[in-house]
Amino acid sequence: MTEQKQGSREGVRILPSADVDDRAEIGEGTSVWHLAQVREGARVGRNVVIGRGAYIGPDVPVGDNCKIQNHALVYEPAVLEPGVFIGPAVVLTNDHYPRAINADGTPKSAHDWTPVGVTLREGASVGARSVCIAPVTVGRWALVAAGSVVSKDVPDFALVAGVPAKRIRWVGKAGEPLEDRGDGLFVCPKDGSEYVENDGVLKEKA
């Protein structure tokens, strides 16, 4: 059985090389792998996987059943709702106009800028090496293709790709691109679920 770094956290797996602050909350069934860092005040839910070398910033909420892959960087004040997938080396930024120093040459401190966050809604997926430029929201069950740069909000169920990312298809909850059946009806080829598009908004068919 893998050794836990913090024995007081029952039902979690934290590898000895991981750096998990004592003030972070880690839910039951969660795994934190080698060299990952979880900062103070982070609230990580149940059954979350935090991969090797990943970073979770201070006070970031991570919903249940999220997967954060190797070397992903989740900077505060990001919000991850349940079931979010973050691919390897994804970056969620937090600064409009980053600078290391002020105009007078003095080093910038936390008081010299206001962080802005990325929000990933329930079931959203962000592919490997993508960058989400705060403040943006990636909608429910949306899919960001690998290597994309997201600079605008992504609608629910949208598949976006490119630099900057643009919608190229719709996807369902199963993650498969939907088939256009005409008259605003879209069908998932994997599970047969139906969706309806109206004025650029896709919703599950009632």
Of Gly53, Gly184, Gly117, the one that fluctuates the most in a GNM where the chain has Cα springs shorter than 10 Å: Gly184
From the phi angles alone, apply the Karplus equation (6.51, -1.76, 1.60; θ = phi - 60°) to segment 100-106 and give each ³J(HN,Hα) in whole Hz, x where the residue is Gly or Pro. 7, 10, 7, 4, 8, x, 7
Amide H partners (placed H, <5 Å) of Gly27, local residues excluded: Val44, Gly45
Take each of the peptides 187-194, 165-172, 43-50, average the number of other beta-carbon atoms within 10 Å over its residues, and list them starting from the highest. 43-50, 165-172, 187-194
When N is the residue count of segment 65-147, what does its C-alpha Rg come to as a fraction of 2.2 N^0.38 Å? 1.20
Which entry in [x] 55, 53, 25; [y] 61, 37, 29; [z] 83, 52, 35 matches Cα extents along the principal axes in Å derived from the coordinates of this structure? [x]
Using the Kirkwood radius built from alpha carbon pairs, what does the Stokes-Einstein equation give as D for segment 97-206 at 20 °C and 1.002 mPa s, in µm² per second? 139 µm²/s
Read phi for every residue in segment 118-127 and hand back ³J(HN,Hα) as whole Hz from Karplus 6.51 cos²θ - 1.76 cosθ + 1.60, θ = phi - 60°, with x for Gly and Pro. 9, 10, 10, 6, 3, x, 5, 10, 10, x
Net charge contributed by nearby residues that have their C-beta within less than 13 Å of Lys173 (K/R +1, D/E -1): -1
Partners for Lys190 among aspartates and glutamates (Cα-Cα distance below 12 Å; same-chain residues under 8 apart left out): Glu176, Glu179
Most fluctuating residue given options Thr93, Thr137, Thr106, as computed from a GNM of the chain linking Cα atoms under 10 Å: Thr106
HN-Hα couplings for segment 43-54 via Karplus (6.51, -1.76, 1.60; θ = phi - 60°), in whole Hz with x for Gly/Pro, come out as 10, 9, x, 8, 6, 9, 10, 10, x, 4, x, 6
Taking every DSSP bridge whose two residues both lie in segment 13-175, the antiparallel percent to the nearest 5 is 10 percent
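Values quoted throughout were computed directly from the atomic coordinates according to the rules given, and no laboratory measurement underlies them. It should be emphasised that the depicted structure is a prediction, and the values quoted were computed from it without experimental measurement. Cβ coordinates were reconstructed from backbone atoms using ideal geometry, including for glycine residues, and neighbour counts include every protein chain displayed.
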